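Working notes, beginning with the structure itself.
Please treat every number below as a calculation from the coordinates, not as lab data. Note that the coordinates shown come from a computational prediction; the quantities given were computed from them, not determined experimentally. A quick note on method: Cβ atoms are made from the backbone with ideal geometry, for glycine too, and the neighbour counts reach across all protein chains shown.
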Amino acid sequence: MVCESNNKSYLKSQHLKIIGQNTLRGKVKISGAKNSALVLLAASLLTEEKTILDNVPFLTDIDKMGNILKNLGVKLRSKDHQLIIDSKNISIQELPYELVNGLRASFFCIGALLTRFGEASIPLPGGCNIGERPINEHINGLRALGAEIIIDKDVVKAKLVKKSKLLGANIRLNCPSVGATETLIMAASLAEGRTVIENAAREPEIQDLCQMLNKMGAKIYDSGKEKIIIDGVQKLHGCTHKVIPDRIEAGTFLIAAAATSSSITVSPIIPNHLEAVLNKLEESGSKITIKGNSISIKGNEIKAVDIKTAPFPGFPTDLQAPFMALMTIAKGKSKITETIFEKRMNHVDLLNQMGSSITLKDNTAQINGVKKLKGMTLVGLDLRSSAALIIAALTTKNVSRIYGLEHLDRGYENFELKLSQLGTNVKRRTTKNICESNYKSSDINEEMKSAMKAA
Ligand code: UD1
């Protein structure tokens with residue numbers, strides 16, 4: 001299995017041209033959360049009635065999930081940021097590999113399909129450029145609920161054999177996987193009897209899922225806690241639900257402001273979703289003010305602070321790369337440890353090419369703060385490392401061209417538009433005939449070379 005990012009679509013012709021030395025000022029409107037919207041789309045498969053989702057972000061990941069639902073026969077209508085989802089006439093069939101490939105969240109449909117139809121077939125989502133990303137917790141949990149599961153030629157085939165419904169069970173996750181918690185909540189919501197999930201993930205997106213399912217008639221208690229209880233119901237009905245704001249998008253803008261000594265306000269946001277990040281931003285010198293559903297930041301001299309990623313409410317792995325970009329120009333030495341994904345340090349070499357001083361051992365980066373970085377032409381290798389490069393580019397005194405927007409567009413809605421509304425000089429440009437000659441040889445690292453060969 002290969003991720004989309006490893007195949008020919010890896011190098012796209014678009015880049016962001018960033019003229020550095022930008023100070024950000026003003027307000028950013030935060031979009032709906034990608035990770036919530038993706039799972040809420042999967043949850044809409046649980047009912048024959050219409051589900052209306054508001055505040056759905058315009059992102060390529062959401063388009064991909066929409067295509068997966070359409071492939072199952074779901075009728076989708078969209079108007080601005082609203083999606084009307086009609087799952088009445090869906091047919092259960094194996095999802096094509098091309099659709100599932102590149103969108104790991106598509107695997108999360110398995111719980112909903114299995115509990116509604118008694119069977120589901122989904123290709124293995126495979127590893128990715130941030131790590132192996134196994135699915136054993138999803139599979140073990142579904143087996144505990146009574147599903148029979150085989151993996152046949154890289155396709156996960158799940159069905160109910162002895163009973164017509166999944167049966168509630170006590171499940172203890174070995175690690176608090178977000179996706180597995182979501183898969184099992186969806187599966188258990190229509191199972192017979194009570195399911196208890198222990199060591200469940202507590203991310204806000206899971207709470208959003210449970211709130212929507214409860215509106216649909218599910219009986220889920222204690223979402224947001226380590227032990228979630230689900231009493232299965234016969235049927236779920238349609239509902240209207242507004243996706244929560246994207247805490248990772250908001251965190252990225254706040255970190256960009258801290259890196260450029262700027263003052264900005266992000267809203268709407270649920271401030272306690274970002275508590276760990278706000279604490280680290282304050283520790284590193286920024287002044288944070290929270291008012292209702294908005295957070296303002298005033299950047300200051302940047303102090304070095306250590307971070308270690310952890311499941312919610314800890315520091316989110318999705319903001320590790322952006323925070324590292326901030327630490328590269330901090331005063332002093334800092335240490336950043338990634339504990340969730342084993343290969344989520346793609347940005348280290350790239351930041352070092354921009355002049356930072358980072359050494360990496362296992363999953364811990366030791367960062368010696370430097371006075372300044374230099375603008376460069378680089379290719380972001382995954383979603384959040386692309387955001388880190390853009391933040392780094394904003395701090396420099398010269399021009400950068402950041403490629404790899406196929407990653408960025410997965411998770412940031414109108415990133416460059418929002419940045420330019422904050423007064424920065426960031427423009428999307430299209431280059432014809434991307435090839436090695438577009439880059440100075442000093443800009444090209446080994447991964448970029450192999451990507452160019454693949455393209
Ligand atoms: C979700 C988010 C992603 C975020 C991550 C961690 C979505 C669409 N994506 O990904 O943005 O970075 O949570 O907050 O919501 N693991 C296993 N076995 C499993 C499942 C996971 O060992 O069956 C491991 C993974 O390899 C990883 C860790 O658990 O090391 C966390 O993964 P998980 O929480 O499942 O992440 P995702 O749900 O894929």
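Side notes on the structure shown:
- Across the alpha-carbon atoms of the range 106-182, the computed radius of gyration and Dmax are 12.2, 39 angstrom.
- Amide N proximity, the range 95-109 versus Asp154 label position 7 Å along Cα-to-Cβ, cut-off under 17 Å: 95-107
- Over 24 Å between alpha carbons, listed pairs Lys163/Lys225; Lys34/Lys215; Lys303/Lys374; Lys303/Lys418; Lys70/Lys163; Lys29/Lys79: Lys163/Lys225; Lys303/Lys418; Lys70/Lys163
- Cα point-scatterer Debye curve for the chain, base-10 log of I(q)/I(0) at q = 0.06, 0.13 Å⁻¹: -0.25, -1.17
- Distance histogram for the range 17-145 (every C-alpha pair counted, 10 angstrom bins, percent rounded to whole numbers): 11, 39, 30, 13, 6, 1
- Full extension of the chain between Arg194 and Asn398 gives 67.5 nm of extra length, using 0.36 nm per residue less the Cα-Cα distance.
- The distance linking the range 314-363 with the range 247-277 is 18 Å (Cα centroid to Cα centroid, whole angstrom).
- Model label zone, Asp80; criterion: amide N under 17 Å from point 7 Å along Cα-to-beta-carbon; scope the range 18-60: 29-33, 52-59
- Global geometry of the range 34-242, whether rounded, prolate or oblate, following the gyration tensor of its Cα atoms and the 1.5 cut on a/c: rounded
- With bins 10 Å wide beginning at 0, the percent of Cα pairs of the range 152-258 falling in each bin runs 14, 38, 31, 13, 4, 0.
- Beta bridges from DSSP with both residues in the chain: antiparallel share about 75 percent, rounded to the nearest 5.
- Residues Ile358, Ile302 in ascending order of nearby Cβ atoms (within 10 Å, fewest first): Ile358, Ile302.
- Ellipticity estimate at 222 nm from DSSP helix runs (n ≥ 4, -39,500 (n - 2.57)) divided over the chain, nearest 500: -9000 deg cm²/dmol
- Distance from the alpha carbon centroid of the range 161-225 to that of the range 63-95 works out to 22 angstrom.
- Just so you know, the averaged projected area of the alpha carbon convex hull for the range 270-359 sits at 5.9 nm².
- Summing +1 for each Lys or Arg and -1 for each Asp or Glu among the other residues whose beta-carbon sits under 15 angstrom from that of Glu119 gives +4.
- Stokes-Einstein D (µm²/s) once Rh is taken as the Kirkwood radius of the range 201-281 over alpha-carbon pairs, at 4 °C in 1.567 mPa s: 88
- Take every Cα pair under 8 Å whose residues are at least 6 apart in sequence, average their separation, divide by the length of the range 34-242, and the relative contact order is 21 percent.
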